[in-house]
Amino acid sequence: MTKKRIIAVIFLTLVFFFLNVKPLAAQPIPIPSFELGVGTAENPTEVALSLQILALITILSLAPAILILMTSFTRIIVVLSFLRNALGTQQMPPNQVLIGLSLFLTFFIMSPVWSNVYQDSLEPYMAGEINQGEAFELAMDPVREFMFKHTRQDDLALFVSMAEIEKPSTKEDIPTFTLIPAFVISELKTAFQIGFIIFIPFIAIDMIVASVLMSMGMMMVPPMMIALPFKLLLFVLVDGWHLVVRSLLLSF
């Protein structure tokens, strides 16, 4: 028997073997089911616990907006973005590093405010000394005080007039939905002012490098490529990260 015939016999044997094999009975995989419903509480404690869980879920869903629009995060991330653009390093440091640094600087700056919120609002509420409405009002007082401190009068007057509400005599008369946008545009203005100051020394280096290249007739060489090492050297020599972060912290 030749090699070809042996291979053909083996192949046909394997084919007949697999055709005659019966598959094992497949075991059904249980699929979990989820049910949502409203039941009857047996005691008031279950109702209070359900309301606490609902309030916690609501706060978590609003946490990104609260963190961005009612804290120091906006000013910090805008200034750090201006700094990266002024250096001309494209994506260095990457966005993840800038956002992470901004978050931890925000936690550092806002820690006294959040400590007051915990002591004046959350702790008494968890102890059952105050209800949800009182807890919310007490929690907003330190946050509103922080926003009032860093909001310009012109920006606040703009939104008060556009809201068509009565002229407030005290800070308590100004609603929070009016204070938040005024605080945000005030923070953006401050961040842009700091960004302008950061840009000045780096623009000077760009102009000097461009002038030197033009005088040497090297017009085909990109000035950015030559200026970048000098800008990085200047930033490292003056300890730029320390100065920028210190200035941001002192601005609050």
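Note on the stretch 108-252: with charges restricted to the Cβ of Lys and Arg (+1) and Asp and Glu (-1), its dipole about the Cα centre is near 940 debye. For the stretch 70-171, the alpha-carbon coordinates run over 53, 39, 17 Å along the three principal axes, in decreasing order.
Expressed in nm to one decimal, what extension gain is obtained for the pair Ser169 and Met207 from 0.36 nm per residue of sequence separation less their Cα-Cα distance?
Details: separation 38, 0.36 × 38 = 13.68 nm, distance 5.14 nm.
That pair, Ser169 and Met207, stretches by 8.5 nm at full extension.
The residue among Leu69, Pro94, Gln132 whose Cα reaches farthest toward the positive pole of the charge dipole of the stretch 57-201, with charges on the beta-carbon of Lys, Arg, Asp and Glu, is Pro94. Accessible surface comparison of Met140, Met224, Met110, probe 1.4 Å, protein chains only, largest first: the order is Met224, Met140, Met110. Shape class of the stretch 129-252 from the Cα gyration tensor (axes a ≥ b ≥ c, square roots of the eigenvalues): prolate, since a/c reaches 1.5 or more and a/b is larger than b/c. Note on the stretch 126-210: dipole from Cβ charges, positive end direction compared against Ile165, Ile197, Ile180; the farthest Cα belongs to Ile197.
Out of the stretch 56-162, which GluC sites (Glu not before Pro) are coil in DSSP terms and have no more than 14 other C-beta atoms within 10 Å?
Values: sites: Glu129, Glu134, Glu137, Glu145; in loops: Glu129.
Of the GluC sites (Glu not before Pro), the ones in loops of the stretch 56-162 whose Cβ has at most 14 other Cβ atoms within 10 Å are Glu129.
Placing one equal scatterer on every Cα of the stretch 60-99 and applying the Debye formula, the log10 ratio I(q)/I(0) at q = 0.14, 0.34 Å⁻¹ is -0.37, -1.08.
The values are calculated or read from the model by the stated rules, or taken from the named source; none is laboratory data. Computed from a prediction, not measured in an experiment: that's the story for all the values here. Cβ sites come from the backbone with ideal geometry, for glycine too, and all protein chains shown count toward neighbours. Surface accessibility is based on the protein's heavy atoms, side chains included, excluding ligands, DNA and RNA. Shrake-Rupley method; radii C 1.70, N 1.55, O 1.52, S 1.80 Å.
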